[in-house]
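What follows is one structure encoded as structure tokens, with my remarks underneath.
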Amino acid sequence: MSPLILGLAGPTLTDEERTFFTDVEPAGFILFRRNVVDRAQLLGLTDELRGLVGRADVPILIDQEGGRVARMQPPEWPAFPPGARFDALYDVAPISAIEAIRANAQALGVMLREVGVNVDCLPLLDVRQPGAHDIIGDRALGTEPMRVAALGRATIEGLRAGGVVGVVKHVPGHGRAMADSHVELPLVDVDAAALETDLAPFIRLADAPMAMTAHVVYTAWDADQCASLSARVIGEIIRGRIGFDGLLMSDDLGMHALKGDFGERAAGVIAAGCDVALHCSGDMAEMRACAAAVSTISAEGRRRLDAAMATIAGEADDLGFAELVEKRDALLAYA
């Protein structure tokens, strides 16, 4: 098994993709809007991906946050609210906000599981800071670390109840970045004491099954490399200070925060300590370069992967999708 999570080009697999994925056996796959048409198509696609690698529990990821980040969209699937809606409810009724976001996440899980998606790249634990770039913005769960942690915990629990693994992101924190890492490399130039605010939600959720790194430079920890490429940030901060021992994936290798060819990017994040490298575009030449640059997943990485997927090995709760949405909406009406 290679330490890669890979995207694909369209709503059906090409012959070239079938051959490549069979040969490479990626650790998992990630889906985007270009891969999604309707329920029947998406279930057929996820079934085929499982069959190609011969693993019923292969992670099939999606970014289905709600708000402006949603790969499965109306009219085929309902819209979900962004994180800021639950933050606003927390101001009025904290317990209701936690119950609302748990119901919301469980409904997301039920919706995703129906079409064979078993990992959602959610929740964001980025603590929103005044004046920061809007790439996080209303996706965040708030400006107060303990609130973010409480809502994030409920999200992971709700997803799990729906039969889906959650991914905390973007460790060790994207909330104060002044640039969008999709476009350029953000630099956070504050001292380590200030960064304790960013770390706090991740510390509280150090037992999360999966996490995604930030393509952000934190000068207090490593002025030369972004977190995804920094052995110091991954070893001392993510694995050490935070205490995270789940599956650690990089953010997308195709983001413009990173430089160099795709083989260098993939090898770099693995060498720094990520268990798997995430490549999203589905570009075959780029994926071949990534696959050629890495070896097999490490024993620790495989252990973490298996442990993460085992968290949803039991039967999902049978609470109905409509009932969960109704509960969420009734609670959100108080905000």
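The values are calculated or read from the model by the stated rules, or taken from the named source; none is laboratory data. Model, not experiment: these values are computed from the prediction. Here Cβ is always computed from backbone atoms with ideal geometry, including for glycine, and neighbour counts include all displayed protein chains.
I need a count of the residues in the stretch 104-149 that are hydrophobic (A, V, I, L, M, F, W, C) and modelled with pLDDT under 95.
As a first pass, look at the stretch 104-149 and keep what is hydrophobic (A, V, I, L, M, F, W, C): 105, 107-108, 110-112, 115, 117, 119, 121-122, 124-125, 127, 132, 135-136, 140-141, 146, 148-149.
Add one more test, that the residue is modelled with pLDDT under 95, and what stays is 132, 135-136.
Adding up the residues that qualify gives 3.
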(request) Considering only the stretch 276-334, state which residues are aliphatic (A, V, I, L, M), surrounded by fewer than 18 Cβ atoms within 10 Å (Cβ to Cβ) and in a loop (DSSP other than H, G, I, E, B). (result) Ala313, Ala316, Leu319, Ala333
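Rundown of residues vs (1) within 16 Å of Val168 (Cβ to Cβ); (2) touching a residue at least 60 places away in the same chain (Cβ under 8 Å); (3) buried (at least 16 other Cβ atoms within 10 Å of the Cβ); (4) hydrophobic (A, V, I, L, M, F, W, C), yes/no style:
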| site | (1), (2), (3), (4) |
| --- | --- |
| Thr219 | no, no, no, no |
| Ala227 | yes, no, yes, yes |
| Ile237 | yes, yes, yes, yes |
| Phe244 | yes, yes, yes, yes |
| Leu247 | yes, yes, yes, yes |
| Ala257 | no, yes, yes, yes |
| Ala266 | no, yes, yes, yes |
| Ile270 | no, yes, yes, yes |
(message) One residue is enough: does the stretch 91-103 have a residue meeting the conditions modelled with pLDDT of 95 or more and within 17 Å of Lys169 (Cβ to Cβ)?
(response) yes
(request) Those residues that are surrounded by fewer than 20 Cβ atoms within 10 Å (Cβ to Cβ), small (Gly, Ala, Ser) and either in a helix (DSSP H, G or I) or touching a strand residue (DSSP E or B) at 6+ places or on another chain (Cβ under 6 Å) (or both), I need them from the stretch 73-98; list them, please. (result) Ala84, Ala88, Ser96
(message) among the small types (Gly, Ala, Ser), at pLDDT 95 or above and in contact with a Gly (Cβ under 9 Å, 6 or more places away or on another chain): which single residue out of Gly301, Gly282 fits that description?
(response) Gly282
(request) Within the stretch 184-207, count every residue that is touching a Pro at 6+ places or on another chain (Cβ under 8 Å) and either modelled with pLDDT under 95 or more than 18 Å from Arg153 (Cβ to Cβ) (or both). (result) 1
(request) Can you work out which of the residues in the stretch 170-179 that are under 20 Å from Val148 (Cβ atoms) and in a loop (DSSP other than H, G, I, E, B) is modelled with the lowest pLDDT? (result) Met178
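Taking the stretch 180-201 as the region of interest, how many residues are of a type outside the set (A, V, I, L, M) and not in a helix (DSSP H, G or I)? Give the derivation first.
First, the residues of the stretch 180-201 that are of a type outside the set (A, V, I, L, M): 180-182, 184, 186, 189, 191, 196-198, 201.
From what is left, the residues that are not in a helix (DSSP H, G or I) are 180-182, 184, 186, 189, 191.
The qualifying residues number 7.
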(message) For Arg232, only one of the following conditions fails: (1) farther than 25 Å from Val171 by Cα; (2) in contact with a Phe, Trp or Tyr (Cβ under 7 Å, 6 or more places away or on another chain); (3) of a type outside the set (A, V, I, L, M, F, W, C). What is its number?
(response) (1)
(request) Of all residues in the stretch 7-49, count the ones that are in a loop (DSSP other than H, G, I, E, B), at negative phi and touching a residue at least 12 places away in the same chain (Cβ under 8 Å). (result) 11
(message) With the requirement that a residue be polar (S, T, N, Q) and more than 30 Å from Arg302 (Cα to Cα), what does the stretch 42-95 give you?
(response) Gln73
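Out of Gly116, Gly142, which single residue is within 20 Å of His170 (Cβ to Cβ) and assigned to a loop (DSSP other than H, G, I, E, B)?
Details: Gly116 fails: within 20 Å of His170 (Cβ to Cβ).
Selected residue: Gly142, the only one of Gly116, Gly142 that is within 20 Å of His170 (Cβ to Cβ) and assigned to a loop (DSSP other than H, G, I, E, B).
Would the stretch 147-165 turn up any residue that is within 26 Å of Ile312 (Cα to Cα) and more than 19 Å from the chain's Cα centre (by Cα)? Let's see the steps before the verdict.
As a first pass, look at the stretch 147-165 and keep what is within 26 Å of Ile312 (Cα to Cα): 147-165.
Imposing the further condition that a residue be more than 19 Å from the chain's Cα centre (by Cα) reduces the set to 147.
Checked the stretch 147-165: at least one residue is within 26 Å of Ile312 (Cα to Cα) and more than 19 Å from the chain's Cα centre (by Cα).
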(request) Of the conditions (1) buried (at least 16 other Cβ atoms within 10 Å of the Cβ); (2) under 16 Å from the mean Cα position of the chain (by Cα); (3) not β-branched (Val, Ile, Thr), Glu144 clears all except one; give me its number. (result) (2)
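Criterion first (under 24 Å from Arg160 (Cβ atoms), in a helix (DSSP H, G or I) and not small (Gly, Ala, Ser)) does Leu52 satisfy it? Reasoning before the result, please.
On the way: under 24 Å from Arg160 (Cβ atoms): no; in a helix (DSSP H, G or I): yes; not small (Gly, Ala, Ser): yes.
No: the conditions fail for Leu52.
Being assigned to a helix (DSSP H, G or I) and touching a Ser or Thr at 6+ places or on another chain (Cβ under 6 Å) is the requirement here; does Val233 meet it? Working first, answer last.
Working: assigned to a helix (DSSP H, G or I): yes; touching a Ser or Thr at 6+ places or on another chain (Cβ under 6 Å): no.
It is false that Val233 is assigned to a helix (DSSP H, G or I) and touching a Ser or Thr at 6+ places or on another chain (Cβ under 6 Å).
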